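S.K.: Let me begin by handing over the structure; questions about it come next.
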Amino acid sequence: MVAGIKSSSIRQENDLISANVGDTVILRCFYEGDMVVISSWYKQTLGEKLQLFSTFYNNESDATFHHKFKDNPRFSVRSGKEVNHLRISDIELSDSATYYCGSTYNNIMEFGKGTIVIVKGSGSRNTTVLQQFISGSVQPGDSVTLNCTIHTETCAGERSVYWFRHGSGEYHPGIIYTHGDRSDQCEKSPVAGSPTQSCVYNLPKRNLSLSDAGTYYCAVASCGEILFGNGTKLDIKGR
């Protein structure tokens with residue numbers, strides 16, 4: 001870093017935002033420092049590469065959207081002194097992703113920690129993701145198995161299932177486990193001619209500690225869609 005240049009500090013207001021199809025969400029991003037030249041947003045869908053979403057130059061009045069996000073009235077950016085807020089209206093299932101706020105100054109680029117957006121709603125293939133409720137007291141040293149059941153119509157292509165955790169405090173959500181395409185975990189409907197199948201995915205958690213507490217989300221990427229369960233909350237009480 002060149003001497004005399006103050007590093008900007010990026011803060012994304014939310015770690016995780018949950019919305020229903022059709023809602024409007026605002027991803028708020030704040031930064032410090034008057035040397036920022038470009039403010040940007042990046043989108044990363046589960047299992048895919050980071051993709052440039054928008055850029056805003058401090059000498060222009062409007063943000064520029066890139067790739068498939070161009071000319072889409074659902075997206076808008078409010079950028080100005082120390083703010084860079086992304087608004088997504090009439091939200092769709094395809095908007096589920098992690099969004100990173102970035103700033104560029106003196107050829108140095110910084111990113112915020114990211115905001116995970118979970119969009120819930122009916123999929124076009126009538127896919128349902130169910131997570132069970134954990135009853136009873138869980139204490140350090142105990143073991144539990146988190147369960148995710150997916151009811152879906154069969155389709156060509158692979159299915160990927162992800163688990164991630166949203167803890168309390170400073171812990172940021174992140175993928176903790178990925179299931180590949182495991183057809184042996186699926187059973188077809190016993191109804192003759194039915195295209196529906198049920199798939200079960202388990203996440204064993206052994207020798208739990210207080211740091212394992214949080215809400216665990218199951219997400220399935222299949223047939224061009226990404227759907228999320230409602231989450232399983234794991235409360236761990238000290239002995």
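The values are calculated or read from the model by the stated rules, or taken from the named source; none is laboratory data. Just so it is clear, the model here is predicted, and its values are computed rather than measured. Note: ideal-geometry Cβ built from the backbone for every residue, glycine included; neighbour counts use all protein chains shown.
S.K.: In segment 138-171, what residues are modelled with pLDDT of 70 or more, among the small types (Gly, Ala, Ser) and out of contact with any Leu (no Cβ under 8 Å at 6 or more places or on another chain)?
M.R.: The answer is Gly167, and nothing else.
S.K.: For segment 77-97, give me the residue count where each residue is closer than 21 Å to Arg11 by Cα, surrounded by fewer than 16 Cβ atoms within 10 Å (Cβ to Cβ) and touching a residue at least 60 places away in the same chain (Cβ under 8 Å).
M.R.: Residues flagged as closer than 21 Å to Arg11 by Cα, surrounded by fewer than 16 Cβ atoms within 10 Å (Cβ to Cβ) and touching a residue at least 60 places away in the same chain (Cβ under 8 Å) within segment 77-97 amount to 1.
S.K.: Phe69 - would you say it is under 19 Å from the mean Cα position of the chain (by Cα), among the aromatic types (Phe, Trp, Tyr) and over 19 Å from Ile226 (Cα atoms)?
M.R.: Answer is no for this residue.
S.K.: Confirm whether Thr45 is β-branched (Val, Ile, Thr), within 23 Å of the chain's Cα centre (by Cα) and modelled with pLDDT of 90 or more.
M.R.: Criteria not met by Thr45.
S.K.: Failed condition for Glu92, given (1) at pLDDT 85 or above; (2) outside the structural domain of Asp23 (by TED's automatic domain parsing); (3) more than 28 Å from Asp235 (Cα to Cα), with all others met?
M.R.: (2)
Residue by residue, here is whether (1) crowded, with 16+ Cβ neighbours inside 10 Å; (2) of a type in the set (Phe, Trp, Tyr); (3) not assigned by TED's automatic domain parsing to the domain that holds Glu110 holds:
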site: Val37; (1), (2), (3): no, no, no
site: Ser40; (1), (2), (3): yes, no, no
site: Lys43; (1), (2), (3): yes, no, no
site: Gly47; (1), (2), (3): no, no, no
site: Thr64; (1), (2), (3): no, no, no
site: Lys68; (1), (2), (3): no, no, no
site: Phe75; (1), (2), (3): yes, yes, no
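Conditions tested, residue by residue: (1) of a type outside the set (A, V, I, L, M); (2) modelled with pLDDT under 80; (3) under 22 Å from the mean Cα position of the chain (by Cα).
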| site | (1), (2), (3) |
| --- | --- |
| Pro173 | yes, yes, yes |
| Ile176 | no, yes, yes |
| His179 | yes, yes, yes |
| Gln185 | yes, yes, no |
| Gln197 | yes, yes, no |
| Arg206 | yes, no, no |
| Ser211 | yes, no, yes |
| Ala219 | no, no, yes |
| Ser222 | yes, yes, yes |
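S.K.: Still on this structure: Select from segment 106-119 the residues that are farther than 20 Å from Tyr217 by Cα and surrounded by fewer than 21 Cβ atoms within 10 Å (Cβ to Cβ) and list them in ascending order.
M.R.: Matches in segment 106-119: Asn106, Asn107, Ile108, Met109, Glu110, Phe111.
S.K.: Which ones in segment 200-223 are free of Cβ contacts under 8 Å to residues at least 60 places away in the same chain and not in a strand (DSSP E or B)?
M.R.: Once the filter is applied, which keeps residues that are free of Cβ contacts under 8 Å to residues at least 60 places away in the same chain and not in a strand (DSSP E or B), segment 200-223 yields Ser211, Asp212, Ala213.
S.K.: Moving on to the next point. Of everything in segment 224-239, what is at pLDDT 85 or above and not small (Gly, Ala, Ser)? Give them in sequence order.
M.R.: Those that are at pLDDT 85 or above and not small (Gly, Ala, Ser): Thr232, Lys233, Leu234, Asp235, Ile236.
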